[in-house]
Amino acid sequence: MSIKIEPRKESDKGGYLCLPLCKNVPERKDGSVKIHCPVCGEMCWWNKLNIGVMFRSKLDGAMCTECAIRKGAGNDNT
Ligand SMILES: [Zn+2]
């Protein structure tokens with residue numbers, strides 16, 4: 001089985017990038033830096049590669065995983 005990745009349609013733009021929380025992921029060795037979640041202020045991991053992802057996917061911004069879940073982003077089961 002293969003997963004087909006389709007280009008996002010114009011109507012799909014927007015959304016938020018999930019930043020892993022430092023309390024869930026104590027250490028990262030990929031060059032990520034700790035930032036405060038712009039929504040709740042919790043420390044979470046930011047990687048400079050995120051900028052490219054946000055640009056390509058036309059995301060509205062980034063927030064920690066918990067805030068993203070609260071917003072319903074990335075959760076199609078609700
Ligand atoms: Zn947050």
Taking the criterion of being away from the ligand (no atom under 16 Å from the Cβ), at pLDDT 90 or above and not in a strand (DSSP E or B), would at least one residue in the stretch 5-24 satisfy it?
no
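I'd like the full set of residues that are surrounded by fewer than 12 Cβ atoms within 10 Å (Cβ to Cβ) and within 15 Å of the ligand (Cβ to nearest atom), limited to the stretch 48-65. Full working, then the answer.
Residues of the stretch 48-65 surrounded by fewer than 12 Cβ atoms within 10 Å (Cβ to Cβ): 48-49, 52, 55-56, 61.
If the condition is that a residue be surrounded by fewer than 12 Cβ atoms within 10 Å (Cβ to Cβ) and within 15 Å of the ligand (Cβ to nearest atom), then Gly61 is the only one that fits.
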Do we have any residue at all in the stretch 47-58 that's part of a strand (DSSP E or B) and modelled with pLDDT of 95 or more?
no
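Find the residue count for the stretch 27-47, including only residues that are more than 10 Å from the ligand (Cβ to nearest atom) and within 12 Å of the chain's Cα centre (by Cα).
Of the stretch 27-47, the ones more than 10 Å from the ligand (Cβ to nearest atom) are 27-35, 45-47.
Subset that is within 12 Å of the chain's Cα centre (by Cα): 45-47.
Of the residues in the stretch 27-47, 3 are more than 10 Å from the ligand (Cβ to nearest atom) and within 12 Å of the chain's Cα centre (by Cα).
The values are calculated or read from the model by the stated rules, or taken from the named source; none is laboratory data. Note that the structure is predicted; figures quoted are calculated from it, not measured. Glycine gets a Cβ as well: all are built from the backbone with ideal geometry, and neighbour counts include every protein chain shown.
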